[in-house]
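K.L.:
Sharing a structure, written as C-alpha cells. Questions coming.
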Amino acid sequence: MNKPTAIEKLKAMANEPKDSLKKFLAKEILTHDEPLDFFSLVEKFGMETVYHYEDLDEEVMREFYNTYSAEIIQIQQEDNIQHQTDTERSWYALERTAKKINKDLDLDQER
C-alpha cells in the first residue's frame, strides 16, 4: 500500500465509531511527524521507548488498562501469555495492536 493510502486508512481507523485499542493507537500514531515510521521504530526499539507511556503515573496507566482491559486480556489469551502486572499487559497489548495495524496497512510490501 502506498503512503498516502496508508495514511488515509490510519485516519479511518482513528475515526471508527467504536472505541478500541486500534482506534486509540491509530490516533496516537497520527500525532507523530512521520506516522508510518512509527512501526519500524517500535520494531527496532520497543513500544515503551517510542511511545512515552513510562512518563505517565500509575493512575493513568490503571485508567488505560481499565478502559481497554477486555481487549488486553483477549490478546493475552490469544497468545497464551501471562504477564504479572496490568502495566506489562497494557504494553504487550499495545505492541500487538501496532503489529496488527501495520499488517492491515500492508506497509511491509513497500519496503
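K.L.:
What FRET efficiency, computed as 1/(1 + (r/R0)^6) with R0 = 30 Å and r the Cβ-Cβ distance, is obtained for HIS83 and ASP37, rounded to the nearest 0.05? Kindly include the intermediate steps, with their values, before the conclusion.
P.N.:
Working: r = 27 Å, r/R0 = 0.91.
The calculated FRET efficiency here is 0.65.
K.L.:
Can you list the HN-Hα couplings for the range 79-87, worked out from phi with the Karplus curve (6.51, -1.76, 1.60; θ = phi - 60°), rounded to whole Hz and with x for Gly and Pro?
P.N.:
Values, residue by residue: 8, 6, 10, 10, 9, 7, 10, 5, 5 Hz.
K.L.:
Exactly which trypsin sites (Lys or Arg not before Pro) in the range 1-102 are in a DSSP loop and have at most 11 other Cβ atoms within 10 Å?
P.N.:
Values: sites: LYS9, LYS11, LYS18, LYS22, LYS23, LYS27, LYS44, ARG62, ARG89, ARG96, LYS99, LYS100; in loops: LYS18.
Listed in order of number, the matching sites are LYS18.
K.L.:
Can you tell me the dipole magnitude for the chain around its Cα centre, using point charges on the Cβ only (Lys, Arg +1; Asp, Glu -1), in Debye to the nearest 20? Walk me through the intermediate numbers first.
P.N.:
Numbers: 15 positive and 25 negative charges, 111 e Å.
My answer is approximately 540 debye.
K.L.:
Bin width 10 Å, alpha-carbon pairs only: give the P(r) of the range 10-50 as whole percents, running from 0 to the bin holding the largest distance.
P.N.:
In order of increasing distance, the bins hold 31, 51, 18, 0 percent.
Values in this text are rule-based calculations from the coordinates and carry no lab data. The shown structure was predicted, so the numbers you read here are calculated from the model rather than taken from an experiment. Reconstructed Cβ throughout: ideal geometry from the backbone, glycine too, with neighbour counts over all protein chains shown.
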